[in-house]
Amino acid sequence: MRKTAVLVAGALLLSGCVGGPPKAGGKVSGDKIVLGVLNDQSGIYADLSGKNSVEAVRMAVEDFKAKYGAKAVTRNIEVVTADHQNKSDVAGSKAQELYDRNGADVILDVPQSASALAVAKVAKDKKKLYFNITAATTELTGKQCNRYTFHYAYDTYMLANGTGTAVTRQGAKNWYVVYPDYAFGQDMQKSFTTAVEKAGGKVGVKDPTPFPNDNFSTFLLKAQNMDPRPDVLGTMQAGGDLVNLVKQYNEFGLRDKGIKLSVGLMFLTDIHSLGPDAFAGTTFTDAWYWNFDARNREFADRFLKRTDTRPTFAHAANYSAALQYLEAAQRAGTDASDDVVKTLEGHSFEDVFARGGKVRAEDHRVIHDAYLAEVKPKSAVTEAWDYERILRTIPAAEAFRPVNESGCTFS
């Protein structure tokens, strides 16, 4: 028990070592802070984030209280949650309920880009904080940015800049890209096309696919019958859609026909779903990996005891975002939105998720190190869930879109 307490305290010290001493005893509305987690808890993104992200946020609350004790800006911290069903209209209405009925000071997570943008609009209108974790559209820090929205874990630029560039430089010059036909997929297609072309390759054909979708046979047949045949199939799907596509890619034997697979966005749970051999040798960009180092593994071990699964980068990022919000409120001595925003802008930090972490004041993009990873074959897996080999750390300043290209203007 004593050893566990020391480990937790050490992790907390890392998260709070930047930014000076906290202010305590300030004004908190109703003497309560409410963290809202809005995500997919029943559909194709439920495994990669879902209810286990709620558990990660609860872990952050417990660790914050353990760190500050009686000096915490408030000891009364509540976690509330809702399922947005990957529908933008539902996401918007649920966000309003969380802010108005549940008194949420901040909303976290929100996969699916159309839903993410809907929640960003609500956050702007309500002047309440919103940390997006699991949507990828760069519009959150681009033309649709607002001063209450922060984009936390990853985006399409980060994914394409890592994977598209690396795979093209490895010799895959001719790409066939398939993408889900909504904001995330459209953004991914544009980002990957730009990255591939900058690296000397060409996206010959790009096809939108229905979302969600369980049958990709039309596109897989098209790939093998193209002239010239593509070097690589770039799939921009995620979650359950990705699992369906990769399963069918293997059934059609496209790898044996010389068409490599490149995955735009992949989570640990996707690999676990089909087994590592289904993805073996696939290169992709990851925002965080549970077995990267001792600090990550310590968190992953705690998470495993609570959830019976290893954390994805979405789980770790939700933990981090919740903790950094609470740290910001602690520094501000209040949960007043504008004061918390001021303490976040330009703030640099290190925690279990973010190495080289910084909240850019200009567009609210949270930058941090990212990782170029490769899926191990089953024969190289020596421990459950340890499916990745990290090939390269991509420094924070290199991983994300330069701030002068974002197009963000806060109104």
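The values are calculated or read from the model by the stated rules, or taken from the named source; none is laboratory data. The structure displayed is predicted, hence computed values, not measured ones. For neighbour counting, all protein chains shown are included, and Cβ atoms are generated from backbone atoms with ideal geometry for every residue, glycine included. Keep in mind that these areas ignore ligands, DNA and RNA; they rest on the heavy atoms of the full protein, side chains included. Shrake-Rupley method; radii C 1.70, N 1.55, O 1.52, S 1.80 Å.
General remarks:
- Look at (1) touching an Asp or Glu at 6+ places or on another chain (Cβ under 8 Å); (2) at positive phi and you find that D40 fails only one, number (2).
- Being at pLDDT 95 or above, aliphatic (A, V, I, L, M) and under 17 Å from A321 (Cα atoms) is a condition met by no residue of segment 81-98.
- Unique match (being open to solvent by 40 Å² or more (accessible area, probe 1.4 Å) and at pLDDT 95 or above) among K3, K23, K51, K27: K51
- Qualifying residue in segment 316-327 (condition: crowded, with 22+ Cβ neighbours inside 10 Å, in contact with a helix residue (DSSP H, G or I) (Cβ under 6 Å, 6 or more places away or on another chain), modelled with pLDDT of 95 or more and in a strand (DSSP E or B)): no
- Among (1) modelled with pLDDT under 95; (2) out of contact with any Ser or Thr (no Cβ under 7 Å at 6 or more places or on another chain); (3) of a type in the set (D, E, K, R), the one test that D207 misses: (1)
- Some residue of segment 173-185 being modelled with pLDDT under 95, in a loop (DSSP other than H, G, I, E, B) and open to solvent by less than 40 Å² (accessible area, probe 1.4 Å): yes
- Boolean, D335 is open to solvent by 10 Å² or more (accessible area, probe 1.4 Å) and in a helix (DSSP H, G or I): no
- Note on segment 230-279: residues that are within 30 Å of A317 (Cβ to Cβ), open to solvent by 40 Å² or more (accessible area, probe 1.4 Å) and either free of Cβ contacts under 8 Å to residues at least 40 places away in the same chain or out of contact with any helix residue (DSSP H, G or I) (no Cβ under 7 Å at 6 or more places or on another chain) (or both) total 6.
- Considering segment 55-114, the residues that are of a type outside the set (A, V, I, L, M, F, W, C) and assigned to a strand (DSSP E or B) include one that is surrounded by the fewest Cβ atoms within 10 Å (Cβ to Cβ), namely E78.
Residues are listed down the side, and each one gets a yes or a no for (1) under 29 Å from C408 (Cβ atoms); (2) open to solvent by less than 20 Å² (accessible area, probe 1.4 Å):
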| site | (1), (2) |
| --- | --- |
| A153 | yes, yes |
| A195 | yes, yes |
| T209 | no, yes |
| T218 | no, no |
| K222 | no, no |
| P228 | no, no |
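- Conditions (1) of a type outside the set (S, T, N, Q); (2) part of a helix (DSSP H, G or I); (3) open to solvent by 10 Å² or more (accessible area, probe 1.4 Å); (4) farther than 24 Å from K260 by Cα: number failed by L140: (3)
- When the residues of segment 280-307 are filtered to those that are touching a helix residue (DSSP H, G or I) at 6+ places or on another chain (Cβ under 9 Å) and charged (D, E, K, R), the one that is least open to solvent (accessible area, probe 1.4 Å) is D286.
- Qualifying residue in segment 90-105 (condition: closer than 24 Å to A300 by Cβ and either out of contact with any helix residue (DSSP H, G or I) (no Cβ under 6 Å at 6 or more places or on another chain) or in contact (Cβ under 8 Å) with a residue 60 or more places away in the chain (or both)): no
- Being within 17 Å of V341 (Cα to Cα), in contact with a Ser or Thr (Cβ under 6 Å, 6 or more places away or on another chain) and open to solvent by 20 Å² or more (accessible area, probe 1.4 Å) holds for only one residue in K121, K127, and it is K127.
- Summed over segment 399-411, the residues that are open to solvent by 20 Å² or more (accessible area, probe 1.4 Å) and either β-branched (V, I, T) or touching a residue at least 24 places away in the same chain (Cβ under 8 Å) (or both) give a count of 7.
- Residues of segment 374-411 satisfying the condition of being assigned to a loop (DSSP other than H, G, I, E, B), within 20 Å of A300 (Cβ to Cβ) and among the hydroxyl-bearing types (S, T, Y): T382, Y387
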